[in-house]
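Data block below; observations after.
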Amino acid sequence: MSAKLKIAVQKSGRLHDDSMKLLKECGIDVNNGVNRLKTEASNFPLELFFLRDDDIPQYVEDGVADIGMVGENVVFEKEKQVKIVEKLGFGKCRLSIAVPKNVEYNGINDLHNMRIATSYPVIVADYLKKHKVQAEIHEISGSVEIAPGIGLADAICDLVSSGSTLFMNGLKEVEVMLKSEAVLVANKDLTAAQQQLLDKLLFRMRAVRKAKNNKYILLNAPNDNLEKIISLLPGMKSPTVLPLAEAGWSSVHSVLNENEFWDIIESLKEAGAQGILVVPIEKMII
Ligand code: ATP
Ligand code: MG
């Protein structure tokens, strides 16, 4: 029997769409099977299981799924024996402690003897222990942000991205315990054939992510300032330089990180660059 890889993906929720999009960008075609528990890719030996994110580490540890896409926060909380093989760049958030905004907070010792409501008891206990703070942890499974308002807790620990949920509930973020993003996890005992498939998938994922962070840039440069313009483009081994039909001008092509681009755009213009085009790259293999 030829090898196949089973991947666990969140069934619905914040990670589902980005997980499916990443597979698609990797050239993997999947029938939309959201209402089913599992489905298969048509052009890659991949079987997909749609699960609650909380269950993914366990399924991967047990080998029911070989790999999975899940938030690091869940991986750390569940303490399962799985390997984190790649950060995926989406699902970014932080796991933070928040207190009512009128409570004075000067540092972690202020948490002493507080009742902290959270769905992340393991991570919170670890954090408190590390900082030698004694507090009471109340594990609740959802709507953590309302706990102080209803008198259930003095503080909460929950996932935050923009902070608007905290704000709406009259809370302020006082400690960031963990920065998290979605990761690809793998079972520790993959067969050689499964590992080979995982490597193939990883190769594609890296090419997709690399491409996202980089842009293809084309610009027109006056020849008398060509050297200067080329020197402004960072991290380039050899830009492509082509003569333009108009005498005295060249077209310069290169690849650069989008963030770097915004830093140097002014200098490029000052140096006489014109007609600057920044184009997305679909895949990038180095
Ligand atoms: P499930 O039904 O699968 O158990 P859930 O309700 O536990 O879903 P979601 O709210 O869909 O989980 O969040 C899934 C993951 O998305 C989180 O574990 C976290 O890694 C990530 N995430 C990113 N931003 C946020 C955010 N602002 N709030 C909550 N989770 C976030
Ligand atoms: Mg969950």
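Taking the 0 to 90 degree range and rounding to the nearest ten, how far is the long axis of helix 16-25 tilted relative to the main principal axis of the chain, both from C-alpha atoms? It works out to around 30 degrees. Here region 1-67 is treated with +1 on each Lys and Arg Cβ and -1 on each Asp and Glu Cβ, and its dipole about the Cα centre works out to around 220 debye. Backbone amide hydrogens, once placed in the peptide plane, bring Ile281 within less than 5 Å of Tyr216, excluding anything fewer than 5 places away on its chain.
Amide H contacts for Lys6 (H built 1.01 Å from N in the peptide plane; partners 5 or more residues away or on another chain; cut-off under 5 Å): Glu47, Asp66, Ile67. FRET efficiency for the pair Gln58 and Asn106, taken as 1/(1 + (r/R0)^6) with r the Cβ-Cβ distance and R0 = 45 Å, rounds to 0.70. Between His253 and Val85, the modelled label-to-label distance comes to 3.4 nm, taking each label 7 Å out from Cα in the direction of the beta carbon. Helix 192-213 axis versus longest C-alpha principal axis of the chain: approximately 60°, rounded to the nearest ten. Rounded, prolate or oblate: pick one for the chain, where a ≥ b ≥ c are the square roots of the eigenvalues of its C-alpha gyration tensor, a/c under 1.5 means rounded, and failing that, prolate if a/b is larger than b/c, else oblate. Note, shape of the chain comes out oblate. This model, with +1 at the C-beta of Lys and Arg and -1 at the C-beta of Asp and Glu, gives the chain a dipole about its Cα centre of some 560 debye. Rounded to the nearest 5, what % of the DSSP beta bridges within the chain are antiparallel ones? Around 75 percent antiparallel, to the nearest 5. When the chain is described by a simple charge dipole with +1 on each Lys and Arg Cβ and -1 on each Asp and Glu Cβ, the residue from Ile156, Gly248, Phe203 located farthest towards its positive end is Phe203. Take the alpha carbon atoms of region 139-153, find their center, do the same for region 41-100, and report the distance between the two centers in whole angstrom. Centre-to-centre (Cα) distance: 25 Å. Bridges between two residues of region 52-171, per DSSP, are antiparallel at a rate of about 45%. Relative contact order for the chain: 19 percent, from Cα pairs under 8 Å spaced at least 6 residues apart, divided by residue count.
Inter-label distance, Val122 to Ala3: 2.8 nm, where each label sits 7 Å from its Cα along the C-beta direction.
If r is the Cβ-Cβ distance from Glu266 to Lys179 and R0 is 41 Å, what FRET efficiency results, to the nearest 0.05? It comes out at approximately 0.85.
Laboratory data are not the source of any read-out in this text; all were calculated from the coordinates shown. Note that the structure is predicted; figures quoted are calculated from it, not measured. In this analysis, Cβ positions are derived from the backbone assuming ideal geometry, glycine residues included, and neighbour counts consider all displayed protein chains.
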